[in-house]
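The values are calculated or read from the model by the stated rules, or taken from the named source; none is laboratory data. These figures come from a predicted structure and were not determined experimentally. For neighbour counting, all protein chains shown are included, and Cβ atoms are generated from backbone atoms with ideal geometry for every residue, glycine included.
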Amino acid sequence: MKALVVGTGLGGMTTALRLRRRGYQVEMVEKFHQPGGRLNQIKKDGFTFDMGPTFFSMTYEFDEFVRDAGLSTMPFAFRELDVLYTVHFRDTGKRFRIYRDLDLLAREFEEVEPDFRRKMDKFLSSAARFFHDTEYLVLKRNYDSLFSYLLTLLRVPLRHSPKLFRSVWSEMERHFESREVREIFSLVAFFLGATPFDTPAIYTILSYTELVHDGYHNVEGGMYRIVEGLKKELDKAGVPVHLNTEITAYRYENGRLAAMVDGSGTSWNADLFVVNADAAGFRHQVFKRKKFSAARMDKMQWTLAPFTMYLGLDTRLHDIPLHNYFLGNNFREYSGKIFKNAIKLDQPYYYVNVVSRSDPGSAPQGCESVFVLCPVPDLRFKPDWSDRDRLAGNILSDMSARVGVDLKKHVVSQTLMTPVEWRDSFNLYQGSGLGLGHNLDQIGGFRPKNVDEEFGNVFYVGASTLPGTGLPMAVISSKLVVERITRAYGPIHT
């Protein structure tokens, strides 16, 4: 029984190894010139950068994967973060360090939020109850129909129902007084590619996972070590990976998919197919389904588009930690307008990862590798990115003023990626960085299914299908799709 996996993102690679352990013959194809999908890497001018994710939680999902795939050891090393990130405010000049240690965290906010520790404990207890009541009941399961999903929701304790109808921001307002605390701990919505004003309060569980449950981690040697480690395991398992191969068409026989066809006309035959491209985008672009027409796709909620900068500096940034958020003084207005291109980008909000703070080998001696992510409108709202250099200049000017270093004088390497480059490199619909959003009508049973509606031998794994976006979600997604495949075909051998 042969499986073809289209795409080598984290979901695709973990699915391939799970299937191989179950005796399937597996082959992989990838559009990009190296594996990893959005979990990728840039090497340029002596500097090394992770292209996308820079930290993650729920490391136990990787432990489960290693056991399930029969690997002898974890093929990469985690590193837990004590200081999760820092947040800088433009108007006050204040900087807050977000510690995992709740006592240290309370000291950070004692001036702006009296009785912070008690309030945070109450907030986290509420998030913890929801997480543990839903993790296995709702999150980690397949749904054969919308009805089965709705029946599952009825089993969730009634006390959690208000979180379905409140936003992350509303939940923050219920627990905290200061705008600094509200803004900082509502940033979890941006991790999902949305804003705290349009993200359901159920996702405050992310505050629980970051501060209590598992913390945040990165990977020794850079996040791309995950991909390199998995690629070695694929090589050992005899799984071929074909790069620079984009699937553009297909052949079907008797209601089943017979082959995927790449841009050169080559057919890739298999018994079953796992698509690690965007689950909605692939149905739109390759299968051309009416339900996923351009008009319908554009009405869906998509996550933020990334504007990313990869900077090599010939100086050190001694006072800037590993992970940083730079905010302004108009959080609500900026959040409400940025994704629809209704506000100027002259004073942008952005995230900075000083890569070489964690991995010195990513930059020459005395230098820094710096990754900058600025959430911007997707290509539906801002199709023209001829002003990319101006936005990059605005970010550099703003950051220079706030860290006390004229960065423009020290940039010796610069790579920019707008939503156009992200779309073209990884087939991201309209340049959306994390796929479909997580509003209530696009989660769980409302999300595009991980089995195809027409071809029973086509399955999906990754951000825009179950259960959602993020590295641990991709690993869970691989578990769910392999459960579905083995239910249909069984293991070839055990």
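Table for the structure above
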| read-out | value |
| --- | --- |
| Scan of segment 248-283 for residues that are in a strand (DSSP E or B) and touching a helix residue (DSSP H, G or I) at 6+ places or on another chain (Cβ under 8 Å), ordered by number | 272, 274, 275 |
| From 244, 254, 269, residue being modelled with pLDDT under 95, in the same structural domain as residue 37 (by TED's automatic domain parsing), out of contact with any Cys (no Cβ under 8 Å at 6 or more places or on another chain) and farther than 26 Å from residue 472 by Cα | 254 |
| Residue within segment 73-87 that is among the small types (Gly, Ala, Ser) and within 25 Å of the chain's Cα centre (by Cα) present | yes |
| Selection count where residues are surrounded by fewer than 21 Cβ atoms within 10 Å (Cβ to Cβ) and either small (Gly, Ala, Ser) or in a strand (DSSP E or B) (or both), scope segment 471-494 | 2 |
| Number of the exception - residue 215 against (1) surrounded by fewer than 21 Cβ atoms within 10 Å (Cβ to Cβ); (2) closer than 30 Å to residue 48 by Cβ; (3) at pLDDT 95 or above; (4) among the small types (Gly, Ala, Ser) | (3) |
| Matching residues, segment 85-106, being in a helix (DSSP H, G or I), loosely packed, with under 15 Cβ neighbours inside 10 Å and in contact with a strand residue (DSSP E or B) (Cβ under 9 Å, 6 or more places away or on another chain) | 104 |
| Pick from segment 171-197, criterion in a loop (DSSP other than H, G, I, E, B), out of contact with any Ser or Thr (no Cβ under 8 Å at 6 or more places or on another chain) and under 21 Å from residue 303 (Cα atoms), ranking: modelled with the lowest pLDDT | 187 |
| Any strands (runs of 3 or more DSSP E) falling wholly within segment 298-407 and containing at least 3 residues that are in contact with a Cys (Cβ under 9 Å, 6 or more places away or on another chain) | 305-313 |
| Some residue of segment 400-410 being hydroxyl-bearing (Ser, Thr, Tyr), out of contact with any strand residue (DSSP E or B) (no Cβ under 9 Å at 6 or more places or on another chain) and free of Cβ contacts under 8 Å to residues at least 40 places away in the same chain | yes |
| Failed condition for residue 290, given (1) assigned by TED's automatic domain parsing to the domain that holds residue 247; (2) surrounded by fewer than 22 Cβ atoms within 10 Å (Cβ to Cβ); (3) in contact (Cβ under 8 Å) with a residue 12 or more places away in the chain | (3) |
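Residue-wise test of (1) assigned by TED's automatic domain parsing to the domain that holds residue 245; (2) of a type in the set (A, V, I, L, M, F, W, C); (3) surrounded by fewer than 21 Cβ atoms within 10 Å (Cβ to Cβ).
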residue	(1), (2), (3)
410	no, no, yes
420	no, yes, yes
445	yes, no, yes
450	yes, no, no
